[in-house]
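Below are the structure tokens for one structure; questions will follow.
The values are calculated or read from the model by the stated rules, or taken from the named source; none is laboratory data. Computed from a prediction, not measured in an experiment: that's the story for all the values here. Cβ sites come from the backbone with ideal geometry, for glycine too, and all protein chains shown count toward neighbours.
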Amino acid sequence: MPRVRWPKRGSRSYNPRKRARSINARIDYWPEVAEGPQILGFAGYKAGLTHVFIVEDREHVADFGKEVRNAVTILDTPPMSIFAVRGYADTNEGLKVLTEAWTESPPADLRRRIGHIPKTEPSKPLQALSQYDKVSEYRVLAATQPRLSSTPKKKPEIMEIKIGGGSMEEQLNYAKGLLGKEIKVSDIFKAGESIDVAGITKGKGIQGPVKRWGIRIRQNKSRKMKRGVGTLGPWHPARVMPGVPRAGQMGFHGRTEYGKRIIMLGSDGDRVSPKEGFVRYGLVNGDYVMIKGSLMGPPKRMIRLRKAARKPRYPEAAPQVTYIHTEYLKGAEAD
């Protein structure tokens, strides 16, 4: 019987597989929305996984109308503080910051992240932001509040979130109303909505080609090594080609998943938390988001949510949840 051969495991779309620059994910694209003005994103902390029973509402599925079991991820999403508004001008070199207006009373923990906080009245910067012939888009600067979650953090994460929909004047008035206030995840998303999720995967350090690329372990009589690739390539060109599986960094990569569905969201975290709390996280006390399927990263890692950039695959209505598993979680469901 001939030897079974197969191509190298792993998608080459993610090359080079190197460490992310930050533990917090970046969002490089914001979709266009018809309704508005509205904020296009939010952020939360991964608490853990559990499972629920919902009534299948996709008509083209064989189990339509029946109860099905789905794995879900719980995100702890405390309110976020809006402490600044920033205007961007579209130039030949891309988007450039035109000006920004800060609130007169930023969050107290913001000094843990930013050493210098400007103490200027926002009237003049807001007047500059109203020059609609120069401003191409508005974004808010938001800060998380980790003290309201079960994470041991005190230092908030800050991020830019674009304002979409409506005219430029409506977007600026909307941003003025948010400046210095808090927003909740229920103000942006709703149950049943399809969203995009960005995060940093769990880091696994430096790994060999067997674990990193899934190549076959060679026989025990192999020359030099068993867990290495059979050949590094031809003599010429006299270099190792990019397609050769090699050892290197595995995990801690920035990833974005499209079309994740919100099963449920609310402000009573006791409804979805186990009595003992999630393993390696604890209890979810406040606002939460339940997302279908698994998400990247370990517990306590920040996950960013964004309005969907692609056509949704699920109905827009909220699914009917009949059962939420809140018993003690361990093993595979604790990750």
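Need pairs with beta-carbon distance below 8 Å; first residue in the same structural domain as residue 158 (by TED's automatic domain parsing) and over 26 Å from residue 172 (Cβ atoms) and within segment 111-125, second β-branched (Val, Ile, Thr) and assigned to a loop (DSSP other than H, G, I, E, B); sequence gap 6+ or separate chains.
Qualifying pairs under 8 Å: 111/117.
Hey, among 101, 175, which residue is part of a strand (DSSP E or B) and either of a type outside the set (A, V, I, L, M) or closer than 27 Å to residue 34 by Cα (or both)?
Going through 101, 175 in turn, just one is part of a strand (DSSP E or B) and either of a type outside the set (A, V, I, L, M) or closer than 27 Å to residue 34 by Cα (or both): 101.
Among the candidates 62, 47, 108, which residue alone is at pLDDT 95 or above, out of contact with any strand residue (DSSP E or B) (no Cβ under 8 Å at 6 or more places or on another chain) and not aromatic (Phe, Trp, Tyr)?
62
Moving on. Quick one: which of 101, 142 is among the aliphatic types (A, V, I, L, M), touching a residue at least 60 places away in the same chain (Cβ under 8 Å) and within 18 Å of residue 302 (Cα to Cα)?
142
Restricting attention to segment 139-184, report how many residues are buried (at least 20 other Cβ atoms within 10 Å of the Cβ), of a type outside the set (A, V, I, L, M) and in contact with a Gly (Cβ under 6 Å, 6 or more places away or on another chain).
Residues in segment 139-184 being buried (at least 20 other Cβ atoms within 10 Å of the Cβ), of a type outside the set (A, V, I, L, M) and in contact with a Gly (Cβ under 6 Å, 6 or more places away or on another chain): 2 in total.
Give segment 65-81 a look and list any residue that's closer than 9 Å to residue 292 by Cα and surrounded by fewer than 20 Cβ atoms within 10 Å (Cβ to Cβ), or say none.
70, 71 - these are the residues of segment 65-81 that are closer than 9 Å to residue 292 by Cα and surrounded by fewer than 20 Cβ atoms within 10 Å (Cβ to Cβ).
Of 243, 230, which residue is in a loop (DSSP other than H, G, I, E, B), in contact (Cβ under 8 Å) with a residue 40 or more places away in the chain and loosely packed, with under 13 Cβ neighbours inside 10 Å?
243
Here's something else I'd like to know. May I ask you to list the residues in segment 273-315 that are small (Gly, Ala, Ser) and in a loop (DSSP other than H, G, I, E, B)?
Within segment 273-315, 273, 277, 286, 293, 294, 297, 308, 309 qualify.
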